[in-house]
1. Between residue 95 and residue 74, 0.36 nm times their residue separation minus their Cα-Cα distance comes to what?
2. Multiply the residue separation of residue 65 and residue 30 by 0.36 nm, subtract the distance between their alpha-carbon atoms, and state the gained length in nm to one decimal.
3. For the range 61-105, what class follows from the C-alpha gyration tensor (a ≥ b ≥ c being the square roots of its eigenvalues): rounded when a/c is under 1.5, otherwise prolate if a/b is larger than b/c, else oblate?
Ligand code: FES
């Protein structure tokens with residue numbers, strides 16, 4: 001089955017994620033983190049680096065798609081972030097590991 005999907009993927013020029021539609025047989029999460037000026041000043045780039053590091057540590061790189069976005073319209077709060085269409089309101093440099101555990105690892 002996997003080889004057939006890989007062949008069809010090559011013929012069609014579509015990624016395996018597109019072919020499977022769910023990150024290669026596993027549920028793919030979509031995480032968007034704001035890197036606009038305000039969030040950048042709050043450390044969003046460090047948060048992204050730490051999340052990528054945590055994903056590597058837990059061998060979950062293929063399960064989470066991280067996208068950077070510019071101003072998500074809530075600059076006065078913590079770092080803007082959305083996972084699978086749901087707002088994350090408590091993301092900071094200090095809370096990144098707690099948020100990672102709650103939103104990704106324990107799901
Ligand atoms: S800069 Fe991130 S929400 Fe505005």
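Since every read-out is calculated from the coordinates, none of them should be taken as a lab result. Only a predicted model underlies this, so the values are computations on that prediction, with no experimental measurement involved.
1. Difference between extended and current length: 5.8 nm.
2. Between residue 65 and residue 30, full extension yields 12.1 nm more.
3. The shape class here is oblate.
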